[in-house]
Each structure stands twice: as C-alpha cells, then as structure tokens.
Amino acid sequence: MSVTTNPPNANSRASRLGRLGAIRPGHPGLLLAVILTCQLMVVLDATIVNIALPEIKSSLGFTPTGLSWVINAYTLSFGGLLLLGARAGDILGRRRTFIGGLALFTLASLVGGFAGNAEMLLIARAAQGVGAAFASPAALALLMVTYPDGRERTRAVGLYTAVSIGGAAVGLIAGGLLTEWASWRWVLFVNVPIGLVVLALAWRVMVETPRRKGHFDLAGAFTSTLGMTSIVYGLVRAASDGWSDPGTILAFVAGVLLLAAFVVIESRAKSPITPLRLFADRNRSVSYVARLLMVAGMMGMFFFLSQFLQTVLGYGAFASGVAFLPLTIAVFTSSNISARVLTDRFDAKTLMLGGLIISTTGLAWLTQLSATSSYWALLGPLVLFGLGNGTAFVPLTAMALRGVQQEDAGAASGMVNVMQQLGGSVGLAVLVTVFGSASRRAAADAPLSMDAAARAQHAFVVGAQRGFLAATIFLAVTVVLIAVTVRREQPALAETDLDDELRAVESADLAEAF
C-alpha cells in the first residue's frame, strides 16, 4: 500500500477545498465501495423513516406534533454539526473521523431499533445525526483525494451521484417493505449489519490522510445547534401548549440568545466553522435563505403526504413508498436537464423562478385533497413538485458557490447542506404547529354524528390541508425573495467552477431533500 502526496499547488481543486494532496490506497475499488455504501446509508436514513412514521406513532405513543421530532432529532444534529464534522476530518484525519462517525451511526441505529419509548428513539436519532455529520463529509473528502482528477474521478463522482439520487427512491421503497413485512424497527436495524461490514472494510482499506493544524470551533458549533434546537422546540411546543405558555416563550428567548452568541463567537473566532464573510455577497446570502425555505416546504409535503397515504387512502407502508416514485423520477429527470442543458442557456434567476413557480403550483394543488381523494389526485401535484424543484436546485447551488474564495470553498459547500438540514427542521416545526392548531379546531367543530375514527380522520385531513397551504406559502415567499433581491447573471453557471466535488455535494443534497 503506497501513499503519494502532491505539492499543495499541484492540484487546484484539492488545494481549493482544503485538501492536503491525493492518496492512493492499494484497493481503490474496494474503498470506493465503502464510501458509496456509507453515502447510501445516510441517504436511506433521510427517506426510509418517513414511510414508517404512522407505525412509529402508534407503537411508541407519539402525539401528532411530537412525531415531527423523529425527523427533527436527526436533521438538527446532522445539520448543526456538519461543519464541525468536516473540520474534524481535517484536524484528526479523515479515516479516523469516518470510522468514528460511522461507528456511532451504526450503534445509534441499533439502540433506536430497540427503543421502548419515544425518548429513547429520539436520543438514538440525534446520535445518528451526529455520526452522519462526521462520517458524511469525511467520505466525500476521501473520495476526492483517492481520485484526484481525470477519468477515474469522473466515474467515481458519477457513481456517487447515482447512489445519492437512486438511494432516495430505494429508501422510500425499502422503508415500506421493512415496515410492512417486518416492523418499523427494521428501518433502523437494517443499518447495523451493513455498518459493521463497512467498518471492517474501512479499517482494512482506508489510508489515513495528513492531519492539519487547526482549532475546533466548539463554541460556534454548539451555540448554533442548541439555538436552532431551542427555536424548533418552541415552535413544536406552541402547537400543543400555545404561544403564551412559559415553556414556549423560554425556548424562543433561549434560542435567540444562543444564536446571537453564535454570531458574536463567529465574528471573533480565529478558525470559525461559519466565516461570516460568506454572507457578504447578496446573491449567495439569498441562495442560503431560499434553500432553507424550499426544503421547509418539501419536508412538510413528505411528512403529511406519507401519513395521508396510509391514514386516509389506507395504503400499506410498501405501497406508500412506491407512491412517491413519480416524484423521484421527476426530480431526477429535471435536475439532469437543468444541469446539462438549461444552465447553459438561461441565467440562474430565470431557472430558479421558473422551477419554483412550477413546484409552488404543485404544492398549492395538494391543498385541495380531501377524505375522498384518490391517488390520481396526488399524481399531478407530485410530478409538478418534482419537476419544479429539480429544475431550481441546480442553479440555486451554483449561486451559493459562485465567487467564493479558495479558503472558504469547503465552508460554502458545507453551508448548502446545513441550510438544507435546518430548513427541514424549522420548516417542519412551523408546519406541525399549523397542523396541530387546525386539526384541533376541526375535531372540536366536527358533527356529533361522526364516530371517533371518522372524527380523527376529518381532523387529520383539515390539518394536512392547512399544512400544505403553509408549505405553499414558504415556496411563494421564496419566489418573491428571488424575484426582488437576486441580481441577474449570465448564464446560470457563469464564472462558477462547479467541479466534480461540488456536483457531488449538490446531488447528495438533492437526494436528501427527496
């Protein structure tokens, strides 16, 4: 097994992303399989649990609003610690960081599968997110330094992209199969044997990368993560206890103070995980906010629609997973057309507005669902939503990375994923609050002639309608934000070195969103 180190300036891509040269293990093909399998696990975990939510709710006694924490516990810890995980790979070595993160992810999956109550499951989900935050950036970095350039890198990134996007669809179907034919617990248990095999192979074939001197911005990482968690907790608590509840108010106050402390810490830190200069460019700042809002709308769609399919239409878990396939196909098709054809012909603003208008129309269509709707009433909205978001995501990512200084490229690409995870958490919290208020009113106003089951279904449908409406508003606000604030640039990828590693980041983010 040999290791070669290139001079810092020999590979502009590597140096620009903070790499310390290329490595070449004795089994590059086996290493690629390890990296791809890890990515598949992370992507699967982003979609596989959605289909199991109704079963988890009934098994562990979650409330309708509390159920959102099964998603939020993972996305908050993943998104909040992702940049810290990337920094850990630089300082501690990527092999060590990858193995440690994947080991935690695997152990947390085992604990979550055995969860006997809601609290145990949420702790396990949060631990999964921490593990993913350390393993995922290390895996992508190892892929890039193993295949530093040329045809092999193109092939490796192509496989990474295929696994990322295909894994989202596999997760929906696998979640349905495991939940329906075994138990919801197997959507977590399935990670254990795979994780153990990957860990054993990683221990054998991975070469440690050179370690860089640096500092962990622990204060920045924890104030940002705890601040966002407090805000999300306040939103979810408001759905059940009201906006005037002391606990709700305290959560919001704590969240605001922690986030203010985060800004102060980052402005003074020698090695901040989030350089505030990233937000100096208006278009880039808007792209971050737009991504957060878009994913907020998407998470609500998945959360409510997966339950609608099973609660109202009576679908099994497997059929519910298959029901999302038209959306996945639409995303895959439109994102490829956008990346390969449209970005050379249209500016980013035009593409984003066009895609968002289409996806907003799809979400608005879902507000018309009722207790008597069939699957065919969902098909049109799903396809429109997928086509629109697939079209908009590529130029949105390009805008987030345009004009970034070399030393900030890693943080800029990391912020794309952070905004995605936080958008899902905050958005879902807001939408669950809307859902909870609307469903309680609907249950109280339902005719006395309704039996308990019909009353519960009626309350859910009304709450979901309001949730879809709130999600539509998220996307409509994004349309206005981009139309008013984004400066036009020609073409969508002009002056943007969106090379292989950043395309891989884009594909992974897109997959996790769907």
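The values are calculated or read from the model by the stated rules, or taken from the named source; none is laboratory data. No experiment lies behind these values; they were computed from the predicted model shown. Here the Cβ positions follow ideal geometry from the backbone for every residue, glycine too, while neighbour counts run over all protein chains shown.
Ile99 meets all of the listed conditions (1) surrounded by fewer than 22 Cβ atoms within 10 Å (Cβ to Cβ); (2) of a type in the set (A, V, I, L, M); (3) under 25 Å from Pro272 (Cβ atoms) but one, namely (3). Look at Leu104 and say whether it is surrounded by fewer than 23 Cβ atoms within 10 Å (Cβ to Cβ), under 21 Å from the mean Cα position of the chain (by Cα) and within 25 Å of Thr274 (Cβ to Cβ). Here the answer is yes, as Leu104 does meet what is asked.
Before we move on, is Ile51 at pLDDT below 70, surrounded by 22 or more Cβ atoms within 10 Å (Cβ to Cβ) and more than 22 Å from Val416 (Cα to Cα)? Here the answer is no, as Ile51 does not meet what is asked. Inspect the stretch 222-229 for any residue being in contact (Cβ under 8 Å) with a residue 24 or more places away in the chain and over 19 Å from the mean Cα position of the chain (by Cα) and give the result as yes or no. Yes, some residue in the stretch 222-229 is in contact (Cβ under 8 Å) with a residue 24 or more places away in the chain and over 19 Å from the mean Cα position of the chain (by Cα). Within the stretch 359-392, the residues that satisfy the criterion of being more than 19 Å from Leu431 (Cβ to Cβ), among the β-branched types (Val, Ile, Thr) and surrounded by fewer than 23 Cβ atoms within 10 Å (Cβ to Cβ) are Thr372, Val383. In the set (1) touching a residue at least 40 places away in the same chain (Cβ under 8 Å); (2) in the same structural domain as Leu366 (by TED's automatic domain parsing); (3) farther than 30 Å from Gly403 by Cβ, Gly314 fails one condition alone, (1). Looking across the stretch 217-247, the residues that are farther than 20 Å from Leu422 by Cβ and not aromatic (Phe, Trp, Tyr) come down to Ser240, Asp241, Gly242, Ser244, Asp245, Pro246, Gly247.
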